[in-house]
1. Rounded to the nearest 5, what % of the DSSP beta bridges within the stretch 1-89 are antiparallel ones?
2. Output the 0 to 90 degree angle, nearest 10, between the alpha-carbon long axis of helix 58-70 and the longest principal axis computed from the alpha carbons of the chain.
3. Taking the highest mean first, how do the peptides 112-118, 33-39 order by number of other beta carbon atoms within 10 angstrom per residue?
4. Just how far, in whole angstrom, is the stretch 90-118 from the stretch 24-57 if you go by their alpha carbon centroids?
5. For a quick check: sort Val19, Val52, Val32 by the number of other beta carbons within 10 angstrom, fewest at the front.
6. Please find the FRET efficiency linking His149 to Ile75, where r is the Cβ-Cβ separation and R0 is fixed at 22 Å, and quote it to the nearest 0.05.
7. Between His89 and Ile16, how many nm apart are label points set 7 Å from Cα along the C-beta direction?
8. Of the peptides 133-144, 69-80, 6-17, how do they stack up when ordered by the mean number of other Cβ atoms within 10 Å, highest first?
Amino acid sequence: MIEESLPQFGSYMDGIDYVDRISVYGIAINDVGQILVCRRTMDRIVLPGGGVDGDENLLQALHREIAEETGHRVISERLLFRARQYHAHRGRKPPANKLCHFFAVDLEYDPSIESEDDHEPVWLPPHRLTHAMTFESHAWALERAVSEHQRNG
């Protein structure tokens, strides 16, 4: 299901030049209804994913980002939603208005994949994530994905 009118999240700040950045995120729900998220520094909680690099397509970026951040391989994926997210505080990266693509993903853990040190993958129940997500777009997509998952079993 792709949204026709894209919601915009985050706050636009005058005087900042935002670059457009295409990004991808995976929403994995396990057999007991927990969601795979990444705990970052300063207790930030995000969905696994990130920006599309170079000549990558959306699926290549999704598979790469999830492997890098969680040590899991994507077995299947389905595009759920799209939204935009202003993100001005990106360290050395320029401020961006991200075009976020949220995918439902099925995953398999692969112990041979080393995940990034600054991403701690954790499975958490949805009720613990409602107000914990760092980005409003992630919370919005997660809430919708969980509702869809519960409706469809």
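1. Details: 6 of 8 bridges.
That works out to approximately 75 percent antiparallel.
2. It works out to around 70 degrees.
3. Working: 112-118: 11.0, 33-39: 19.9.
Going by the mean number of other Cβ atoms within 10 Å, highest first, we get 33-39, 112-118.
4. The distance from the Cα centre of the stretch 24-57 to that of the stretch 90-118 comes to 5 Å.
5. Details: Val19 11, Val52 21, Val32 7.
The fewest-first ordering by Cβ neighbours comes to Val32, Val19, Val52.
6. Details: r = 16 Å, r/R0 = 0.75.
Computed FRET efficiency for His149 and Ile75: 0.85.
7. 0.9 nm
8. Averaged packing, sorted descending, gives the order 133-144, 69-80, 6-17.
Every number in this text was worked out from the coordinates using simple rules, so none of it is lab data. No experiment lies behind these values; they were computed from the predicted model shown. In this analysis, Cβ positions are derived from the backbone assuming ideal geometry, glycine residues included, and neighbour counts consider all displayed protein chains.
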